[in-house]
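Chemist: What follows is a structure written as structure tokens; I'll ask about it next.
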Amino acid sequence: MTPSPRCVELVKRFEGFRAKPYCCPAGVPTIGYGHTERVSLSDPPISREEAATLLEKDLAVFAAGVARLLTAPVKQNQFDALVSFAYNVGLGNLQRSTLLKKVNSGDLAGAAREFAKWTKAKGRELPGLVKRRAAERTLFEEA
């Protein structure tokens, strides 16, 4: 599976576009639509087109990682929600999560409830993460 346009738009909406490098709430240097690989706060600004290209490449990596971690079949909307989630929290956190365990055991209702447990950065609940997890859960639960 590959991320659908809905996944891309979900990630763009919650990451937002930033032309100049900045530190995200977790303290990681970031640019574009949440791109973090080899980013320095002294990097030059990028365009929306460059950011979209970086996002496409990043999502391909995360999609491959999610696909590798899944042992149960999922629908496109569920895959998209998991890719968005992993893009935000990291594949390692997804791998260790009860969310993934529930998906792989077929407990999709239980998995959907797990999204709400991932709303903190550095121990603080962030309103943006609350909204993002709700949107991911909604996408995950679509018929």
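Chemist: HN-Hα J couplings of segment 66-80 from phi, Karplus 6.51/-1.76/1.60, θ = phi - 60°, integer Hz, Gly and Pro as x?
Modeler: These are the phi-based 3J(HN,Hα) values: 4, 4, 5, 7, 6, 10, 10, x, 10, 7, 4, 5, 5, 4, 4 Hz.
Chemist: If you don't mind, another one. Taking neighbour Cβ counts within 10 Å as the exposure measure, how do 87, 22 sort from fewest upward?
Modeler: 22, 87
Chemist: In the chain, if every C-alpha pair distance is counted and binned at 5 Å from zero, what percent goes to each bin?
Modeler: So the P(r) values, bin by bin, are 2, 10, 20, 23, 21, 14, 7, 3, 1, 0.
Chemist: Moving to a separate point now. Setting aside same-chain residues fewer than 8 positions from residue 101, which lysines have a Cα under 16 Å from its Cα?
Modeler: 117
Chemist: For segment 5-141, what relative contact order do you get, as a whole percent, if you take Cα pairs closer than 8 Å and at least 6 residues apart?
Modeler: Relative contact order comes out at 20 percent.
Chemist: Please give the helix 5-15 orientation as an angle from the longest Cα principal axis of the chain, in degrees from 0 to 90, rounded to the nearest 10.
Modeler: 60 degrees
Chemist: Please give the length that would be gained between residue 38 and residue 2 if that part of the chain were fully extended, namely 0.36 nm times their separation in residues minus their C-alpha to C-alpha distance (nm, one decimal).
Modeler: Extra length available between residue 38 and residue 2 comes to 10.6 nm.
Chemist: Let me ask you something else. If each residue of separation counts as 0.36 nm, what is the full-extension length gain between residue 105 and residue 134 once their alpha-carbon separation is subtracted?
Modeler: Here the segment from residue 105 to residue 134 would lengthen by 8.2 nm.
Chemist: Please give the Cα centre distance for segment 91-107 versus segment 123-143, rounded to the nearest Å.
Modeler: A separation of 16 Å, based on Cα centres.
Chemist: Loop-only check: which trypsin sites (Lys or Arg not before Pro) in segment 1-56 are DSSP coil with at most 11 other Cβ within 10 angstrom?
Modeler: Passing sites in segment 1-56 are 38.
Laboratory data are not the source of any read-out in this text; all were calculated from the coordinates shown. It should be emphasised that the depicted structure is a prediction, and the values quoted were computed from it without experimental measurement. As a convention, Cβ positions derive from the backbone with ideal geometry for all residues, glycine included, and neighbour counts pool all protein chains shown.
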